[in-house]
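The block underneath contains the structure these notes are about, expressed in structure tokens.
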Amino acid sequence: MIQVAKIIVDVPTMQTNSPYSYLIPKQLTNELQVGMRVVVPFGNGNRKVQGFVVQIGMEEVDADQLKSIESLMDLEPVLNTELIQLSRWLADTTFSFQITCLLTMLPNVMRAKYSKQLKIVDDQMSEEQLADILPSTQWQDFETDTLSPLQQSELSKLRKQGKIEIVYRVKNQAQTKQIFQIKSHINAEQESGIVDSLRKNATKMRDLVHFLANQSKIVSQTTLEKKLAISSATIKAGEAKGWLVRKKVEQYRDPYKEFKGKTTPLTLNQEQQTALDEISQSIEKSQAKTFLLEGVTGSGKTEVYLQTIAYALAKGKTAIMLVPEIALTPQMVTRVKGRFGKQVAVLHSGLSDGEKFDEWRRIKRHEAQVVVGARSAIFAPIENVGVIIIDEEHETSYKQDDAPRYHARNVAQWRSKFYNCPLVLGSATPSLESRARSERQVYQLLRLPNRINGHPLPKVQIIDMREELQTGADQNFSQPLLNAIDKRLNMQQQSILMLNRRGYSSFIMCRDCGFVLKCPNCDISLTLHMDSRSMKCHYCGHEEPIPKQCPNCHSRKIRYYGTGTEKVEQELKTKFPSARILRMDVDTTRRKGAHERILRQFGERRADILLGTQMIAKGLDFPNVTLVGVLNADTALELPDFRSSERTFQLLTQVSGRAGRADKLGEVFVQTFNPDHYAIQLAKTQNYENFFRKEMYIRHQGKYPPYYFTLQITAANKEEKMAAQKMFAVLKELRPQLSADAIVLGPTPKPIARVKNKYYYQIVIKYKHEPNLHTAVTKILQESQSYYRQGIQLSIDAEPQSFM
DNA sequence: AGCACGCCGACT
DNA sequence: GTCGGCGTGCTC
């Protein structure tokens, strides 16, 4: 029996997906703890890899069969036992590697950077000889895959002969920000004496002395430099003369330090109070209970969340609140920070890696008790959780679409059970899954049916674009909508126009031969981008110039079809030359902070019309907006996806809520080619209840969730045949493990069959109760490693968001 | 991922 | 007869 450390190594493969035992060097026995990152030698060449210590204990093995831990990467654990346990569960349920899960839970800087270095170890070998193969400038940090095959084989030959060595290094990216703080060592009496000793023209020095003489508080070097317009050299000189001392201290990169305001709890109405009481009671009793808070737009869900959090804090506990990435606006953050101040840590993708790391450390050090963030914030290293809240729980962005394919809601449920605390799911339009669970009393339903200000919901008008087009109207704008926009411009009120662009945007087509310009790598048409004057592929990023003539028949009658925000913006400009238009889509918001800037401009009424894609539908509150127009309500309806009705209903309901929130009554125009579709008709009256019933019936008929569980298995390969064959083979192996009740769809090519030069084939399994499925699928995944080398990638998605 | 081993074809 | 191609297995 010897003491060993069980380590998950940073090698994401199926074969290495379990802990490896390592010896603990004597000098580390007191230091090493579970949850730390370490560097370990791994594999034949003993290359260094990062690893996570998941357990320390005794094991019945021979010491000389084990290797030793090389070094520590952390002085204290980065993971607690809860998160280690969670990672194991997550890897199992999402069919992914535990190492991938561990890295997903941590800030990006915890991901090690690896570098390789060439070293000559044989004196027979000269530097020139090696330089003939690889220039000496590249010996440091070289990448194997950038070398030619010849170079690779030459180097490996030398290595086998023992002439050279490849030194592996693991670099820790987790850096803290250090700043200098300055403390004065002189007082007012000393000032004149020192000044006299200076040269006459030493003005900067004099400024510094004057400042120090009258300053007893500690200031940072940067503020001092700015304040006195002096350089660090002056300060260093001052340090040398003993006027001041400089001290290096760690500083958090606080992305929200400018927010200072304080907000006080609002008075709750009866329903809000009931909801708060129910959840508080559950916090009080430490119940791992899930609540579904169903509240129409403007019903004051956020206030309930905030007071729930306040209750948890008052009980000495902490809270996590998840918000969709897109809704994590400065307004939102200010509101929470205004209530809980420095106790709040914010985590979202807009922060730099350093900022995220610092917020994460604040949480870990118990300096923050409230975590607000997007999907991955569910892994915040917070302890003693009193309540978890997921706002807009129906949002698809809570499901990660690459490995580990987890749903934040499921992770939240796991943590809620771990901490025996309630989980609150809030939405105006709950996902069918959640609503169905509350129907069966699995979740407790809490309702907020009334808007807090008592204002009626906006009037929604459905416009039949088929009729509109017959009367020769514009492709994008119906007459009633144009009139309504015109009216707002005259009344100095603002309008929001939404273009539903999912899977559909402007492409170009030849009018003579029907040729459509497609991506050479993917099976989809290229999208026109006027800002860069090019055609871009939204899947792989391929870009090429806009053709002047048809590449197929050389006709010049090649023109734009479909609708993109840019094109609509152009049209709006011609129709309303005086209107100030702001466009918000993936292209205008790519840069950091662009999103906020556009919204602020609009909020400050520096524009009349906000034109954008789905992203404008979420959680914005502009009191001066009285018109919302949805230009094409049904593009999502046409997608081959069983959730398309649900998405459309949610989107329309949400965007309608943007109109007339304050004292002005709002109006909503929905342009559609399917005016009779139930998702559109029921969104008109914001009738969630009827939509739920109708959609549940349809899901029942089609044997879809929430009546059935779903599992999607996809194979990808450069050869279409290979991908297809693999899927048939997988199904053949899986079928005997399934009961007669399981329904298998496919194998079929994905609706977008080719992306980045790869073909995708998939099967979807719909099932109610399959005790063998999990094991069978895990086995298939394990076996997939053997054909992974042939470029066949198998991926498994439990409860996919769509089948596309 | 990256390295060793081992089994086949094309060369000195 | 050997060198080197890459298919396969293993890494505490």
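The values are calculated or read from the model by the stated rules, or taken from the named source; none is laboratory data. Small disclaimer: the values here were computed from a predicted structure and weren't measured. All Cβ positions, even for glycine, are placed from backbone atoms using ideal geometry, and neighbour counts span all protein chains on display.
General remarks:
- Qualifying residue in segment A:461-478 (condition: modelled with pLDDT under 70, in the same structural domain as A:Arg647 (by TED's automatic domain parsing) and of a type outside the set (Val, Ile, Thr)): yes
- Whichever residue in segment A:18-41 is within 16 Å of DNA strand B (Cβ to nearest atom) and among the β-branched types (Val, Ile, Thr) and, among such residues, is farthest from A:Glu783 (Cα to Cα): A:Val39
- Checking A:Gln117 against (1) of a type outside the set (Ser, Thr, Tyr); (2) buried (at least 16 other Cβ atoms within 10 Å of the Cβ); (3) in contact with a Phe, Trp or Tyr (Cβ under 8 Å, 6 or more places away or on another chain), the condition it does not meet: (2)
- Per the listing A:Pro749, A:Pro771, the residue uniquely surrounded by fewer than 18 Cβ atoms within 10 Å (Cβ to Cβ) and in contact with a strand residue (DSSP E or B) (Cβ under 7 Å, 6 or more places away or on another chain) is A:Pro749.
- Take the conditions (1) in contact with a Lys or Arg (Cβ under 6 Å, 6 or more places away or on another chain); (2) not in a loop (DSSP other than H, G, I, E, B); A:Gly298 misses just one of them, which is (2).
- On inspection, A:Asp145 passes the criterion of being under 37 Å from the mean Cα position of the chain (by Cα), assigned to a helix (DSSP H, G or I) and without any contact (Cβ under 8 Å) to a residue 12 or more places away in the chain.
- The condition of being closer than 26 Å to A:Arg447 by Cα, in a helix (DSSP H, G or I), modelled with pLDDT of 90 or more and touching a helix residue (DSSP H, G or I) at 6+ places or on another chain (Cβ under 7 Å) holds for only one of A:Leu734, A:Leu682, that being A:Leu682.
- Among the candidates A:Gln55, A:Gln50, residue that is within 12 Å of DNA strand C (Cβ to nearest atom) and either buried (at least 17 other Cβ atoms within 10 Å of the Cβ) or not in a helix (DSSP H, G or I) (or both): A:Gln55
- Among the conditions (1) part of a loop (DSSP other than H, G, I, E, B); (2) more than 12 Å from DNA strand B (Cβ to nearest atom); (3) not hydrophobic (A, V, I, L, M, F, W, C), A:Gln15 misses just one, which is (2).
- When residues in segment A:737-775 are screened for being closer than 22 Å to A:Trp89 by Cα and in a helix (DSSP H, G or I), 3 of them pass.
- The listed residues are A:Thr297, A:Thr290, and the only one of them that is out of contact with any strand residue (DSSP E or B) (no Cβ under 8 Å at 6 or more places or on another chain) and polar (S, T, N, Q) turns out to be A:Thr297.
- Any hit, segment A:94-101, residues being in contact with a Phe, Trp or Tyr (Cβ under 6 Å, 6 or more places away or on another chain) and more than 16 Å from DNA strand C (Cβ to nearest atom): yes
- Filter pass, A:Thr290 being exposed (fewer than 14 other Cβ atoms within 10 Å of the Cβ) and under 37 Å from the mean Cα position of the chain (by Cα): no
- Residue match in segment A:103-115 (condition: assigned to a strand (DSSP E or B) and of a type in the set (Val, Ile, Thr)): no
- Candidate set from segment A:22-45 (those that are touching a residue at least 60 places away in the same chain (Cβ under 8 Å) and either surrounded by fewer than 13 Cβ atoms within 10 Å (Cβ to Cβ) or of a type in the set (Val, Ile, Thr) (or both)); member that is farthest from DNA strand C (Cβ to nearest atom): A:Val39
- The condition of being of a type in the set (Phe, Trp, Tyr) and within 19 Å of the chain's Cα centre (by Cα) holds for only one of A:Tyr398, A:Tyr443, A:Tyr419, that being A:Tyr398.
- Test: residue in segment A:497-509 that is over 26 Å from the mean Cα position of the chain (by Cα), in a loop (DSSP other than H, G, I, E, B) and at pLDDT below 80: yes
- Residue match in segment A:451-469 (condition: acidic (Asp, Glu), without any contact (Cβ under 8 Å) to a residue 12 or more places away in the chain and not in a strand (DSSP E or B)): yes
- Boolean, A:Leu75 is under 24 Å from A:Gly354 (Cα atoms), modelled with pLDDT under 95, away from DNA strand B (no atom under 16 Å from the Cβ) and not in a helix (DSSP H, G or I): yes
- Exclusive hit being closer than 27 Å to A:Glu439 by Cα, away from DNA strand B (no atom under 16 Å from the Cβ) and touching a Lys or Arg at 6+ places or on another chain (Cβ under 9 Å), set A:Tyr759, A:Tyr767, A:Tyr707: A:Tyr707
- Residue match in segment A:221-244 (condition: surrounded by 12 or more Cβ atoms within 10 Å (Cβ to Cβ), in contact (Cβ under 8 Å) with a residue 60 or more places away in the chain and outside any helix (DSSP H, G or I)): yes
- Pairing residues of segment A:46-65 that are of a type in the set (D, E, K, R) with residues that are within 16 Å of DNA strand B (Cβ to nearest atom), at Cβ distances under 6 Å and at least 6 apart in sequence or on separate chains, gives A:Arg47/A:Tyr168; A:Lys48/A:Val39; A:Lys48/A:Tyr168; A:Lys48/A:Val170.
- Scanning segment A:776-786 for any residue that is in contact with a strand residue (DSSP E or B) (Cβ under 8 Å, 6 or more places away or on another chain), in contact (Cβ under 8 Å) with a residue 12 or more places away in the chain, assigned to a helix (DSSP H, G or I) and not aliphatic (A, V, I, L, M) turns up at least one such residue.
- Residues of segment A:181-192 include at least one that is away from DNA strand C (no atom under 16 Å from the Cβ), part of a helix (DSSP H, G or I), farther than 30 Å from A:Tyr252 by Cα and aliphatic (A, V, I, L, M).
- Complete set of residues in segment A:148-173 that are within 11 Å of DNA strand B (Cβ to nearest atom) and within 30 Å of A:Val38 (Cα to Cα): A:Gln152, A:Leu155, A:Ser156, A:Arg159, A:Lys160, A:Gly162, A:Glu165, A:Ile166, A:Val167, A:Tyr168
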